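Engineer: Please find one structure pasted underneath; my questions will follow.
The values are calculated or read from the model by the stated rules, or taken from the named source; none is laboratory data. Computed from a prediction, not measured in an experiment: that's the story for all the values here. Ideal geometry is used to build each Cβ from the backbone, glycine not excepted, and the neighbour counts take in all protein chains shown.
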């Protein structure tokens, strides 16, 4: 079920009410049942895939721990075999459901290129939601047990909850066992009725809903219109469309993480922050420290560092960066446009590394200098989003070509903007919502404080007034209901 | 702890008030749908003798005030736009909770509907008017596909996105206006869509195949009415009937005949169009609906029909039926408000204005502006305006053409003189009857006048200085009389909009203070033999 659905509106308080009532030591079982219900509400068959991933990684943990005991012959070799088996099974499932179609499609194209009339049948598999997220989370457990960062979890059900914890199950953040599993073990010690914690969690959730329902789902009308009809639009619309998509994907994805963080907090679990004002990053490397932080850290710890990281010289380091970014692109979607998007970010990072090495890092001291650096970073990342959003590489290049060849600066002032998908009133609502988002992000950027940190320092009624205002904005301006076709959270497909 | 609880309760209270207010404002207020149901809830218990069910054919054609005026019959229109028969069934079920009608009238028009589900708007119009009950939920359930049930069962999901469509009617309680407070469900339409004579239907004997769902609920509706003790009159209300729709009403007739009961009967009123005096050139608002003139004719005929064929009481002398008296009073007023803007003959028009504005109890306000006539007598005006026009035709060159042009101009001038003469004559005779006595009879001058409660309220003629008289007409309407010394123009501004219709003649603006609506803005230019009305775009949705 989607967070922004009627089902969740019933599911969430019901789960919390029972959570409140069940004996403390059984809380994790209740959350496990709720998580599987949550996941299987999309398609009950998906549950078995997640169970398979859970069982294999659970057993790998047990196996690794047994192999770590003294006196086991060829322990290292056997442990590596266990890790390899766990990775092969899990990545194999991921490959079959996510990449097999893409792979076969490319094989068929290659065969055609070489004049063969043969072609392989493309399996008709539906991508299970969130499979990339829980697969990576489960694999991190295998890797962490192997490296001795965490002990193997003996209680299967506790471990199963770690893989399936519903707030972050389908779109992250991708948690580590060192954080989440540890908290799951301590669930029985959580003080259930803690009004401050619950209020904060609900406030964070509310802000997430605002980002999703008021901003992301409104701006997507504009984005879809421009991208779907790019061949009819000129530079102003195309540039605005690209900027709008950058905002859409941020609000869409960050909103999910925000709701997840708030939701988990209500249950007494603290999830990691997945976004930290990414569009205020001053370099592309900085962007990846702020965008989808849990995935960046996963790739850093389980791919970049094992590849040698930055320990094997500049060239190898840059190659590693490039490789990780290409894999990251592929993680985001089975399509060459995603690979190109990842590759572009890889090139940005490598370029920055080389520039820093040759010229030294530019550290502007003035506001204007910092702003220019932030703006430049935004231009780079936003340009890359075009490949991410376009249906194909060809579409992306058509988009970019028209952006530079069909220049129409007069469209900025002649009122054409209201013809791009949102009318004047919708644009005003969107503008006001974005202004609020910018203010919240700026406070986070300057003071490192989340919206709930700021609000809960204010007077009680001032805080409540803001909460009421956000709630009313969602109720009135949010995209939901029968006339609205819910935009699935974009990141679900990954 | 107490303080915290109190504080939390206060927060929930504030939030609740805000959300309830928003819900009230955002909820659908379709005048051709859910709002009609509100009329049912407003009726005194067990007072409705004739319950009229169906689609717009019912509530745009059948005026209960006529049935009351003619025979003292208490009727209520209870329908919805494009209402499928299953909704009609639930409408009857809901009505029977508070009313015990003696006759249930069911219109057959929409029985041609072959789908099992209506459009989203029609579902909303035909289900959302109910008070929350299992009947409402059942009505929704039968109207939508199973997977859409929750989308409709929670109305806010449907209407929260209306922030772009909200009007004053969403924030203002419509039921506070007399036309809705006393309404019996009738929505009158003023448009005229002339049609030719419909085809002869005497040869159309075959019957259409109704959808299973429609036929099922049609029978259920009849059965339910019979169980309640009512007699059932299935009918087709007059419209511009075509053969395909005649076969539909024939199918309904077949079902009625299958009952073989005196308590269930069928009439296609299209067969009696001549008897009721229906004029297809003037009595239809569009092909499907009668306008208010046609509605009056049909309603009178129906009153006679019901009186002859059913044992219905005349309640005009009974106590407890004030709402029908008041509805008739409002309705008659609305008829007048619709009629006045159609009058083009100056004498007829001025006579009507005299009747409404000259009556101190009528609660009409009339505003008159005179512009462009700066001299006090006809000859001077003729010399200044008309001869100047003739003299202005001085084409150089060809003498023959010049002579022809002059001849034409003189003809025009003669015509103008006649028109102006007629204007002056009629104005001098009739305007004093409106209360503008001295100014008009003695000396024509620029000026404006307001007449309220049957007497001249304000006047300004040949002013030397700028003048601006604003006046609050109702909660939502304002009027201002304005004079600009620089341009010499007298204007009537209604809600900021200049309604002055002519810069050379008289402008009339009539406002109905009881119903809170502008009735007419009309111009009578000196060069016109007719009154010219502004298109104020007042439609049936306003009443």
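Engineer: Within 14 Å of chain B (Cβ to nearest Cβ) and surrounded by fewer than 17 Cβ atoms within 10 Å (Cβ to Cβ), is that true of residue A:469?
Structural biologist: Judged against the criteria, residue A:469 is a match.
Engineer: Select from the stretch B:281-290 the residues that are closer than 16 Å to residue B:57 by Cα and in contact with a helix residue (DSSP H, G or I) (Cβ under 9 Å, 6 or more places away or on another chain) and list them in ascending order.
Structural biologist: B:283, B:284, B:285, B:288, B:289, B:290
Engineer: Report whether or not residue A:320 is assigned by TED's automatic domain parsing to the domain that holds residue A:396 and assigned to a helix (DSSP H, G or I).
Structural biologist: So residue A:320 passes the test.
Listed here are the residues, each with its yes/no results for (1) modelled with pLDDT of 90 or more; (2) surrounded by fewer than 23 Cβ atoms within 10 Å (Cβ to Cβ); (3) farther than 29 Å from residue B:171 by Cβ.
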residue: B:8; (1), (2), (3): no, yes, yes
residue: B:24; (1), (2), (3): no, yes, no
residue: B:51; (1), (2), (3): yes, no, yes
residue: B:86; (1), (2), (3): yes, no, yes
residue: B:104; (1), (2), (3): yes, no, yes
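Engineer: While we're looking at this one, here's another question. Looking at the stretch A:292-316 only, could you name the residues that are surrounded by 14 or more Cβ atoms within 10 Å (Cβ to Cβ) and modelled with pLDDT under 90?
Structural biologist: A:307, A:309, A:310, A:316
Engineer: Going through the stretch A:454-464 one residue at a time, which ones are touching a helix residue (DSSP H, G or I) at 6+ places or on another chain (Cβ under 9 Å) and surrounded by fewer than 14 Cβ atoms within 10 Å (Cβ to Cβ)?
Structural biologist: Selection gives A:457, A:458, A:460, A:461, A:462.
Engineer: Another one. Can you give me the ranges of the helices (runs of 4 or more DSSP H) entirely in the stretch A:157-260 with at least 3 residues that are within 22 Å of residue A:435 (Cα to Cα) and under 21 Å from the mean Cα position of the chain (by Cα)?
Structural biologist: Per the criteria, A:195-209, A:217-228.
Engineer: Here is a follow-up. Just need a number here: residues in the stretch B:241-266 that are surrounded by 19 or more Cβ atoms within 10 Å (Cβ to Cβ) and in contact with a strand residue (DSSP E or B) (Cβ under 6 Å, 6 or more places away or on another chain).
Structural biologist: So the count comes out to 6.
Engineer: Then there is this: Would you check if residue A:325 is outside any helix (DSSP H, G or I) and under 27 Å from residue A:178 (Cα atoms)?
Structural biologist: No.
Engineer: Let me ask something additional. Only one of (1) more than 14 Å from chain A (Cβ to nearest Cβ); (2) surrounded by 17 or more Cβ atoms within 10 Å (Cβ to Cβ); (3) at pLDDT 85 or above is not met by residue B:177, so which one is it?
Structural biologist: (3)
Engineer: Exactly one of these conditions fails for residue A:81: (1) at pLDDT below 90; (2) in a helix (DSSP H, G or I). Give me its number.
Structural biologist: Here residue A:81 meets the rest and fails (1).
Engineer: Another question, if that's okay. So which of B:165, B:147, B:170, B:122 is crowded, with 21+ Cβ neighbours inside 10 Å and either assigned by TED's automatic domain parsing to the domain that holds residue B:324 or on the phi < 0 side of the Ramachandran plot (or both)? Write out each step before concluding.
Structural biologist: Working: B:165 fails: crowded, with 21+ Cβ neighbours inside 10 Å; B:147 fails: crowded, with 21+ Cβ neighbours inside 10 Å; B:170 fails: crowded, with 21+ Cβ neighbours inside 10 Å.
Testing whether each residue is crowded, with 21+ Cβ neighbours inside 10 Å and either assigned by TED's automatic domain parsing to the domain that holds residue B:324 or on the phi < 0 side of the Ramachandran plot (or both) leaves just B:122.
Engineer: Every residue in the stretch B:500-531 that is crowded, with 20+ Cβ neighbours inside 10 Å, over 23 Å from residue B:432 (Cβ atoms) and in contact with a strand residue (DSSP E or B) (Cβ under 7 Å, 6 or more places away or on another chain), please.
Structural biologist: B:512, B:518
Engineer: Would you confirm, using the coordinates I've provided, whether residue A:129 is in contact with a helix residue (DSSP H, G or I) (Cβ under 9 Å, 6 or more places away or on another chain), modelled with pLDDT of 90 or more and either under 27 Å from residue A:173 (Cβ atoms) or not assigned by TED's automatic domain parsing to the domain that holds residue A:36 (or both)?
Structural biologist: Taking the combined requirement at face value, the residue does not satisfy it.
Engineer: Also, quick follow-up: Please verify whether the stretch B:317-324 includes one or more residues that are within 27 Å of the chain's Cα centre (by Cα), surrounded by 21 or more Cβ atoms within 10 Å (Cβ to Cβ), outside any helix (DSSP H, G or I) and at pLDDT below 95.
Structural biologist: No, because not a single residue in the stretch B:317-324 is within 27 Å of the chain's Cα centre (by Cα), surrounded by 21 or more Cβ atoms within 10 Å (Cβ to Cβ), outside any helix (DSSP H, G or I) and at pLDDT below 95.
Engineer: Now for a separate question. Kindly indicate which of A:436, A:422, A:430 is closer than 23 Å to residue A:223 by Cβ, at pLDDT 90 or above and within 14 Å of another protein chain (Cβ to nearest Cβ).
Structural biologist: A:430
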